[in-house]
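The values are calculated or read from the model by the stated rules, or taken from the named source; none is laboratory data. Because the structure is a prediction, the values reported are computed rather than measured. Here Cβ is always computed from backbone atoms with ideal geometry, including for glycine, and neighbour counts include all displayed protein chains.
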Amino acid sequence: MHAPDGFLNAGTAVATGAVSLGTVGLALRQVRERLKDKAVPLAGITAAFVFAAQMFNFPVAAGTTGHLLGAALAAILLGPSVGVVVVTIVVVVQSLVFADGGLTALGYNILNMAIVPAYGGYAVFRLFRRVLPKTGGGVIGATFLAAWASVVMSSMAFSVEWLFGATAPVSFDAVFAAMVGVHVLIGAGEAIISATAVGAVLASRADLVSGAADLNRRQLGDRRRVRTRTFAIAALMVSLVFAAIVSQFAIDDPDGLERVAEDTGFAESGSEHALADSIFADYATSGVGNEPLSLAIAGAVGTLVTLAVASGIFIGVRERRSRDPATV
Amino acid sequence: MAAEPKIVAAFLTVVAIALTPREAIWAFGVYAVLLVALVRIARIPYGFVMTRLVAVAPFVVFALFIPFVAGGERTEVIGVSVSIEGLWGAWNIYAKALLGASVSILLTATTEVSDVVRGLGVLRVPAVLTSIALFMVRYLELIADELGRMRVAMSARGYDPRWLSQVRPIANSAGALFVRSYERGERVHAAMLSRGFSGTMPALRHPTATATNWYAVILVTGAFWVIAVGAMVVA
Amino acid sequence: MSARVVVDGVRFAYPDGRKALRGASLVVEAGERLAVLGPNGAGKTTLALHINGIYEPQAGSVTIGDTPVTPETLVEVRRRVGLVFQDSNDQLFMSSVYEDVAFGPANLGVTGDQLEARVAKALAGVGASELSARPPHHLSGGEKRRAALATVLSMEPDVLVIDEPSSGLDPAGRRDIIATLLPLKMTQLIITHDLALALELCPRSVIMNEGVVVADGPTRDLLADDTLLSENRLELPYGLVLKRGNGSRS
């Protein structure tokens, strides 16, 4: 998902750039406070780990492979601010050195691949830590769901950015449906790998899992899988939220692409729309149009993701303050 | 040549390319010629550039779909209905993505990674970030090698996963690798303390950019901007 | 310059409860080369990390020359004690060998031409001058070992502690390291499994086991004592027979 140059317009590039700069700057200050003089070697080496982990592909199905995003994992292991800084550095170096992601696209690439999945994923993690049992198994379960959510949120953020800064008249609805739809599936891989990896770390050095810092040894040792029922309820909660959003499309139109075809017919029958005005101008099928609905969805999604990210930042800051410095 | 001028040049050049109106096809042609010339001057093998450009491929493929999916007025190309705006949109992404990536690749091919990071430091990126990035670059090969060796060891024992459900062993080893990496980080920290480290990296002398370096930057960047502005004016 | 090292009754347990040192004591005279032998898990590396204050003893003390190792004296101690780690990769963390060798003296406040001179001297001392501009991850095992040694020698320490100098090296690399260590004049503590190296370099040795020093004496005598060796999971390399006159070189 390393977007190249020219993918989104200049305004979006600048705006997301400013947001990313500010957020990473904030996170950086926390990194220094949390890790002190260990910041450079520890963050550096874990950045190398995340980079290496992203390089390797894992099997998805019948020979196709996928790649790990790793932001949620980094946030759960290292804490959200350290996680964000680490993944940001990975994204920047990938862009500068490997041409993986455009230089002018850094603003939204950092936002989508570091800030949103790390902070947002962490917020989901903490949410589910409350709901799931306070055990090692609970931590693993929360990681699973958080990692999944992080991937979906990342694609949602991308879609919302497309709404504002698209350089081609592909509707928000179509992009959203395609991106988020695909990433709901990809999220499974991220979820399994992140949860398993956290489990492995818990087994040998539980003190390295920042997200499990509140557990004592007995609780950590309880690695019983979260009871299927609890897990199912939790997963259901998450799915309901996502389904509520996606179902909006089903109500009005069974197929985003089909809608485009209708528009085509509509357009050919003589109606003119000034594309310059609105990306949705060509989506009015029966006059009332999906514009308000699409915008509502975009708004809901944008709010959701922003809320999640903000929660992640807030929790991260609060944790740092209440944490006994001696345990760092 | 020091890295900072090259980084500034790369960044400004990509911005110029990104701001160029897509309708000015001639401008992109000139960019391509300029870039090829730079590749020749820097004596970079074309193969090197081509293999790196593969990274942009997925998005170029996405761009190819746009004309079919996009809305707006349509036209026919070899009997297939495509959106005109969509065609422009696809061209826009295609041209800028490839050219932008080429500029990056030019930077990479002519500058050591660690010099790039240090160049960023000269350009006022906070020292903490550049120090972390330098460490990352230093230990990346080591860790990637370890990961690679783990995979080889697992395949040697018949592990050939094709489905997501079989991914647990890799993920387990990834977790173990994280622990080992972290512990190495702690040892490196001890080694740093042993050599007098007190929290800030010492300032070591590095080649600084000369005036000639900066003139070259202004020349190259200027060329691109002249074209970009020209295209904006004409459009 | 060289300093006397005194380790007196040091006790240390790791956070997970594992007792690594249970009252370890030894003395190394100024300018002396002492080998620290013993099985895995004996506490040798842990002890090494006490000598420059990375770990703080939970009981007992460590003294370098006239300076006791305490949280207040750490800066001074680290100027005087150079520690070469088991894994050279842990010690070569900069982007080039030059920077790694310069790191130590730069932290001590050495700058400019003086710094360059120190680096050049240290690299020449280990025969690694041509490695100066190379990135450490592209070096061979032996080259890394020598570069790591240079990073410490550039600080001009009074005491050198080396953890497993010959492990993982081919015979030529091993010979290089031994040849490099021989002319060095500062006090040296050499932790090693390589008994032949201990015999060649160190007139005196201690054997550690389970966190304490169980034997202390001339290397030759310790290695000639089969019972002592087998009690501590040590064994002379095949073919090494201790004849009269087969002593250490320095």
Considering the stretch B:54-80 alone, what residues qualify as being more than 7 Å from every other protein chain (Cβ to nearest Cβ) and farther than 18 Å from A:PHE172 by Cα? B:VAL54, B:ALA57, B:PRO58, B:VAL60, B:VAL61, B:THR75, B:GLU76, B:VAL77, B:ILE78, B:GLY79, B:VAL80
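In the stretch C:148-169, what residues are outside any strand (DSSP E or B) and within 13 Å of another protein chain (Cβ to nearest Cβ)?
Step one: filter the stretch C:148-169 for residues outside any strand (DSSP E or B), giving C:148-158, C:164-169.
Matches in the stretch C:148-169: C:ALA148, C:LEU149, C:ALA150, C:THR151, C:VAL152, C:LEU153, C:SER154, C:MET155, C:GLU156, C:PRO157.
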When the residues of the stretch A:180-209 are narrowed to those that are surrounded by 21 or more Cβ atoms within 10 Å (Cβ to Cβ) and not hydrophobic (A, V, I, L, M, F, W, C), which ends up farthest from B:ALA171 (Cα to Cα)? A:HIS183
The correct count of residues that are closer than 23 Å to C:THR45 by Cβ and either small (Gly, Ala, Ser) or within 8 Å of another protein chain (Cβ to nearest Cβ) (or both) in the stretch C:95-106 is 2
From C:VAL36, C:VAL62, residue being crowded, with 19+ Cβ neighbours inside 10 Å, modelled with pLDDT of 95 or more and either over 15 Å from the mean Cα position of the chain (by Cα) or among the hydroxyl-bearing types (Ser, Thr, Tyr) (or both): C:VAL62
For A:ASN109, the lone unmet condition from (1) under 14 Å from A:LEU21 (Cβ atoms); (2) facing another protein chain (nearest Cβ under 7 Å) is (2)
When the stretch A:168-178 is checked residue by residue, the ones that are surrounded by fewer than 24 Cβ atoms within 10 Å (Cβ to Cβ) and under 17 Å from A:PRO4 (Cβ atoms) are A:VAL175
Need pairs with beta-carbon distance below 7 Å; first residue touching a residue at least 60 places away in the same chain (Cβ under 8 Å) and facing chain B (nearest Cβ under 8 Å) and within the stretch A:198-210, second among the polar types (S, T, N, Q) and part of a helix (DSSP H, G or I); sequence gap 6+ or separate chains. A:VAL198/A:THR143
Residue check, A:VAL84 against (1) at the interface with chain B (Cβ under 9 Å from one of its Cβ atoms); (2) in contact with a Phe, Trp or Tyr (Cβ under 8 Å, 6 or more places away or on another chain); (3) β-branched (Val, Ile, Thr); (4) part of a helix (DSSP H, G or I), all met but one. Which one? (1)
How many residues, within the stretch C:29-40, are in contact with a Ser or Thr (Cβ under 9 Å, 6 or more places away or on another chain) and either aliphatic (A, V, I, L, M) or in a loop (DSSP other than H, G, I, E, B) (or both)? 8
Which one of A:GLY189, A:GLY141 is assigned to a helix (DSSP H, G or I) and more than 14 Å from every other protein chain (Cβ to nearest Cβ)? A:GLY141
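Quick grid of which residues meet (1) more than 22 Å from B:PRO207 (Cα to Cα); (2) modelled with pLDDT under 90; (3) in contact with a Phe, Trp or Tyr (Cβ under 7 Å, 6 or more places away or on another chain):
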| site | (1), (2), (3) |
| --- | --- |
| B:LEU64 | yes, yes, no |
| B:VAL80 | yes, yes, no |
| B:ALA90 | yes, yes, no |
| B:LEU107 | no, no, no |
| B:VAL122 | no, yes, no |
| B:THR130 | no, no, no |
Could you list all residues from the stretch A:109-162 that are within 23 Å of A:GLY11 (Cα to Cα) and of a type in the set (A, V, I, L, M)? A:ILE110, A:LEU111, A:MET113, A:ALA114, A:ILE115, A:VAL116, A:MET153, A:MET156, A:ALA157, A:VAL160
Would you tally the residues in the stretch B:31-72 being free of Cβ contacts under 8 Å to residues at least 24 places away in the same chain and not in a helix (DSSP H, G or I)? 5
Looking only at the stretch A:59-72, decide whether some residue is in a helix (DSSP H, G or I) and surrounded by 21 or more Cβ atoms within 10 Å (Cβ to Cβ). yes
How about the stretch B:122-131: which of its residues are closer than 22 Å to B:HIS189 by Cα and more than 18 Å from the chain's Cα centre (by Cα)? B:PRO126, B:ALA127, B:VAL128, B:SER131
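For (1) of a type in the set (Asp, Glu); (2) under 29 Å from C:ASN89 (Cβ atoms); (3) at pLDDT below 95, each residue gets a yes or a no:
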residue: C:VAL161; (1), (2), (3): no, yes, no
residue: C:SER167; (1), (2), (3): no, yes, yes
residue: C:PRO171; (1), (2), (3): no, yes, yes
residue: C:ILE177; (1), (2), (3): no, yes, yes
residue: C:GLN188; (1), (2), (3): no, yes, no
residue: C:ILE191; (1), (2), (3): no, yes, no
residue: C:PRO237; (1), (2), (3): no, yes, yes
residue: C:LYS243; (1), (2), (3): no, no, yes
residue: C:GLY247; (1), (2), (3): no, no, yes
Return a yes/no flag: does the stretch C:128-135 have any residue that is modelled with pLDDT under 95, facing chain B (nearest Cβ under 8 Å) and assigned to a loop (DSSP other than H, G, I, E, B). yes
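Okay, residues lined up against (1) assigned to a helix (DSSP H, G or I); (2) of a type outside the set (A, V, I, L, M, F, W, C):
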position: A:GLY102; (1), (2): no, yes
position: A:ASN112; (1), (2): yes, yes
position: A:LEU127; (1), (2): yes, no
position: A:ALA146; (1), (2): yes, no
position: A:SER154; (1), (2): yes, yes
